[in-house]
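Colleague: This is the structure, below, for whatever I ask next.
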Amino acid sequence: MYIISLLLQFQNIICLELYSMENITEIKPDQLMTVLTNFPNEYEISFDFKPTSFLKTWGSIIHLTIGGNYANYGDRSPGVWISPYNDLYFASAISGLPSNEFYSKITPLINEWIKVKISQIKLTSQYIYAIDIANNKIYSTQNTLSKNFSNVKVYIGDPWYSAQPGFIRNLTIVDKLSG
């Protein structure tokens, strides 16, 4: 813990935990876990995901939203699904697009845990949105319209898509404050 604190101080980053859920939770439709009063523009969301089967259609895993599916900026802040091709699919409000999409082309193995991390931090004067799977950075892009959002709902299985059969554990949502 001491080494982590030193590393964070060295990078001038202070972390504030906004939500944490360690236990194994089944993904279910319209499963609201919490509402975040303020969701910052610098954050880290991490969780372990274990699919038990695939649907051959869109399957919702986790979705942070200001209230809707994808029409407004902030409706996907972010969201993660399994695509009809069984790949991990990510969407988030980035650079003015309400649903900036990224198809990972990574198919999780059935009944095996995989670590997913989505983050956005300010480096120098730019906000960088990034996705890591199994501790490997697979995507990053600059977000030219980074925003704080209010009253963000956190769903494990959203109201708009079928729930992806499987489980989530070790979900943490952290405010990454640049010092």
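Derivation of every value follows stated rules applied to the coordinates shown; laboratory data play no part. Note that this is a predicted model, so its numbers are computed, not measured. Quick reminder, even Gly has a Cβ in these numbers, built from the backbone with ideal geometry, and neighbours come from all protein chains shown.
Colleague: Going through region 53-115, which chymotrypsin sites (Phe, Trp or Tyr not before Pro) have at most 13 other Cβ atoms within 10 Å and a DSSP loop state?
Modeller: Those satisfying the criteria are Tyr85.
Colleague: Evaluated at 37 °C with a viscosity of 0.692 mPa s, what Stokes-Einstein diffusion coefficient in µm²/s does region 37-76 have when Rh comes from the Kirkwood expression over alpha-carbon pairs?
Modeller: My calculation gives 258 µm²/s for D.
Colleague: Suppose each label sits 7 Å from its Cα in the direction of the beta carbon; what would the Asp87-Ile138 distance come out to in nanometres?
Modeller: In this crude spin-label approximation the distance works out to 0.9 nm.
Colleague: Just to be sure I follow the definition: excluding the sites themselves, where is the longest run in the chain that has none of the trypsin sites (Lys or Arg not before Pro) in a DSSP loop with at most 11 other Cβ atoms within 10 Å?
Modeller: Longest gap between qualifying sites, sites excluded: 106-179.
Colleague: Here's something else I'd like to know. Using the Cβ atoms and a cut-off under 9 Å, what net charge is assigned to the surroundings of Trp113, where Lys and Arg are +1 and Asp and Glu are -1?
Modeller: Around Trp113, the surrounding residues sum to +1.
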